[in-house]
Number of protein chains: 2
Amino acid sequence: MRLRLLGSGDAAGMPLYGCGCEACDAASDSPVLRRTACSAQLEIGGRTYLLDAGQMSLTQRFPSGSLDGILLTHFHVDHVQGLFHLRWGVGADIPVYCPEDEEGCADLYKHPGMLCFHPQQAFVPFMLDKLQVTPLPLNHSKPTFGYLMMWQRERIAYLTDTKGLPSKTAELLGSDKLDLMVLDCSHLPGCDRPGHNNLDDALVWHNIIAPRQTVLTHIGHDLDIWLKANPRVLPDGVLAGHDEQLVYPIS
Amino acid sequence: MRLRLLGSGDAAGMPLYGCGCEACDAASDSPVLRRTACSAQLEIGGRTYLLDAGQMSLTQRFPSGSLDGILLTHFHVDHVQGLFHLRWGVGADIPVYCPEDEEGCADLYKHPGMLCFHPQQAFVPFMLDKLQVTPLPLNHSKPTFGYLMMWQRERIAYLTDTKGLPSKTAELLGSDKLDLMVLDCSHLPGCDRPGHNNLDDALVWHNIIAPRQTVLTHIGHDLDIWLKANPRVLPDGVLAGHDEQLVYPIS
C-alpha cells in the first residue's frame, strides 16, 4: 500500500483568501507551503483509489480509466467538489463508496453522470480487490466515515472529519496495532469547536490508539502558523502532514 | 463597459473528461481551445464584477478587494462552484446579487462566509454604482435571471441558462436597441432539450431581439465540434464565444 496526501488543509486552505499574514504570503509564493482540500491517493496492486474528492484538478490529474474508485468520508463540499466536473465525463463508471446521507451534496445524486454511489454500512467490511476496507463512524455534523484499510498484515486508518472518536470506532482501531493513523487536526490547542479535533484532541487519540505513526491532516490556518512557530511540539510518532506527502510506507 | 467571457462551456466543458475525440485531444493540448464554466467579467468605471462564479481559480485570479460584486444567474453548481472556496476568505464582504431560490446550492446559505447574498426581484432595476442592472427571468430548471446592463447609452444583456426567452423578458430586451446579447447556445441544431437553447433557438432569438451583436455561450461538446466543421454557418452579427474573449466593446 502507498498512501499520498493530495491535500492537507481545511475548507479555507492555505493561503487564506484575503489574508496578508507572513505564512499566507509565503504559501502564495511557494506551492509546497499550500494546503488544499483534505484528500489522499491510495495505490495498491496497480489500482488507484481516492480518499475524498475535494481537489479541483481531478480531471487533469487522473485521466479517464486511471481511477478505480473513490472512498468518500462525507458529503461536505470541500470533500466532494472535484466530483462536480468529473461526473460529466464519458467512459466506465467510477464507483464511489460513501456513508448513507439522504442529502448528499447539491445535485450529485440527481445527476451522478459517470459516478456510481455505493452507500456502505458502519463496521461492515467490504473488499476493493484484495484490500479490506471497514467504514468507521466519526463525530461530525454530517454522516461521516473514516476508513480502516487492511492488506496482508498492514493496517492503516484515515480519519477525518471528526471531533474525537466514537467509542466503537476507537475500540476497533485499538484492537490490533495500526501502522498509520491519518487524523483530523484542524484547530489550535485549546480551541474547542464541534466537528474537528484540536491538537490536544489529536494527541490524546494518538496515545489511546497508539499507531506506529500518526499524521495530522485537515490543518487550519491558525494551527499551521502555530506549528511552524513551535516546531518541536509534536511528540515522536506524530507528524503534521503536508500536500503531496507520501505518508505510507513510513519513511 | 468591458465584458470578457471567462468561460464559454457547459457543465461538462471541453475537453470532455474521458473523450478521445480529435477536438478533445486538441483542447487538452491547447488552452485556447478549452471551454470552462460559463461566466464573464464586467469592468466599468474602475470596478470589477463577475457574471456567475463557476470558475475554479477565482481566489488566484481576483485578489481580495478586487471584486466589487457577483451577479449570479442561478444556483446550479457549474455557475457557483468557485464560491465554495472563495467564501472562507477574510476581508470585506462580497455582495452577490441573485434570484430568490430557497435551495441555493449545497451549504452556501448556511455558511456564506464573506459572501453577502442579495436576492433581487424580476424586472426591478438596481444600481451598481452608475450601472443600471435589470434582472430578467429566463426559462430554466431553477430560478434563473439574465441581466440587462445599461450605462449611458450602452445596453448589453447576458442571458444564460435558458431555453428560449419568456415573453416579458423578450419584450423588455426588444424595447430598445441592444449593443450586445450574450446568449445560451448549448446544443446542436435540432437537439431539443429543456433548459438550454440549441443553435436554431439562438438564431431565432437573435433575429427577434436584433442586437448589434450576439455572442453564443454555454457551448456544449457536440455543438463545439459541429461549429468547427461548419465555420460559415453563423450569420453576420452572430459569433461563437470562446474563453477569455473580450466581447464588449465590439471589435
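The values are calculated or read from the model by the stated rules, or taken from the named source; none is laboratory data. Here the structure is a predicted model, which is why all the values come from computation and not from measurement. As a convention, Cβ positions derive from the backbone with ideal geometry for all residues, glycine included, and neighbour counts pool all protein chains shown. Note: accessible area is taken over every heavy atom of the protein model, side chains too, but ligands, DNA and RNA are not part of it. Shrake-Rupley method; radii C 1.70, N 1.55, O 1.52, S 1.80 Å.
Between B:ALA170 and A:ASP93, take the C-beta separation as r, use R0 = 35 Å, and let me know the FRET efficiency to the nearest 0.05.
Values: r = 41 Å, r/R0 = 1.18.
Step by step, r from the Cβ atoms, then E = 0.25.
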field: Cα coordinate range in the protein assembly as shown, projected on the principal axes (Å, largest first)
entry: 75, 44, 37
message: Give me the one-decimal nm value for the distance between modelled label points at B:GLN60 and A:ILE250, 7 Å along each residue's Cα-to-Cβ direction.
response: 3.5
- request: Could you pull out which residues in segment A:183-220 have an amide N less than 20 Å from a spot 7 Å beyond the Cα of A:LYS228, following the Cα-Cβ vector?
  value: A:185-189, A:199, A:216-220
message: Using the crude model of +1 on Lys and Arg Cβ and -1 on Asp and Glu Cβ, and no other charge, please compute the dipole size for segment A:127-251 relative to its Cα centre, in debye to 20.
response: 240
- request: Quickly work out the A:VAL124-to-A:ALA26 label distance, labels modelled 7 Å from Cα along the C-beta direction, and quote it in nm with one decimal.
  value: 4.8
- request: Would you please give the residues with an amide H less than 5 Å from that of B:GLY146, counting only those at least 5 places away or on a separate chain, with H modeled from the backbone geometry?
  value: B:LEU136, B:LEU138
query: Using modelled backbone amide H atoms (1.01 Å from N, in-plane), which distant-in-sequence or interchain residues come within less than 5 Å of A:ALA92's amide H?
result: none
- prompt: Straight-line reach from B:LYS130: which lysines have Cα under 26 Å away, leaving out those fewer than 8 places along the same chain?
  reply: B:LYS168, B:LYS177
- prompt: Total Å² of accessible surface buried at the A-B contact, 1.4 Å probe, nearest 100?
  reply: 2100
message: Need the list of aspartates and glutamates near A:LYS110 for cross-linking: C-alpha distance under 16 angstrom, and skip anything on the same chain fewer than eight residues off.
response: A:ASP93, A:GLU100, A:ASP101, A:GLU102, B:ASP78, B:GLU103
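For segment A:149-251, which GluC sites (Glu not before Pro) are in a loop by DSSP, counting at most 15 other Cβ atoms within 10 Å? Let's see the in-between values first.
Values: sites: A:GLU154, A:GLU171, A:GLU244; in loops: A:GLU244.
Sparse-neighbourhood loop GluC sites (Glu not before Pro): A:GLU244.
Heavy atoms only, probe 1.4 Å: what % of the accessible area of segment B:2-248 goes to carbon and sulfur, would you let me know?
Numbers: 5120 of 10000 Å².
Result for segment B:2-248: 51 percent of the exposed heavy-atom area is carbon or sulfur.
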query: Beyond 23 Å, what percent of the Cα pairs of segment B:130-241 remain?
result: 24
- prompt: Could you give me the ³J(HN,Hα) list for segment A:57-67, computed from phi with Karplus coefficients 6.51, -1.76, 1.60 and θ = phi - 60°, whole Hz, x at Gly and Pro?
  reply: 10, 4, 5, 7, 7, 10, x, 3, x, 8, 9
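Given only helices, namely DSSP H runs of n ≥ 4 each adding -39500 (n - 2.57), what is the per-residue ellipticity at 222 nm of the protein assembly as shown, to the nearest 500 deg cm²/dmol? Mind showing how you got there, number by number?
Working: 14 runs with 96 residues, N = 502.
Per the formula, -4500 deg cm²/dmol.
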message: Averaging over every viewing direction, what projected area does the convex hull of the Cα atoms of chain A cover, in nm²?
response: 13.0
Listed residues B:HIS196, B:HIS140, B:HIS111, most fluctuating in chain B (Gaussian network, C-alpha, under 10 Å): B:HIS111
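Peptides A:60-68, A:6-14: what's the order by average Cβ count within 10 Å, highest mean first?
Values: A:60-68: 14.9, A:6-14: 25.2.
Highest to lowest by the protection proxy: A:6-14, A:60-68.
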- line: In whole angstrom, the spacing between the Cα centers of segment A:178-241 and segment A:1-69 equals 18
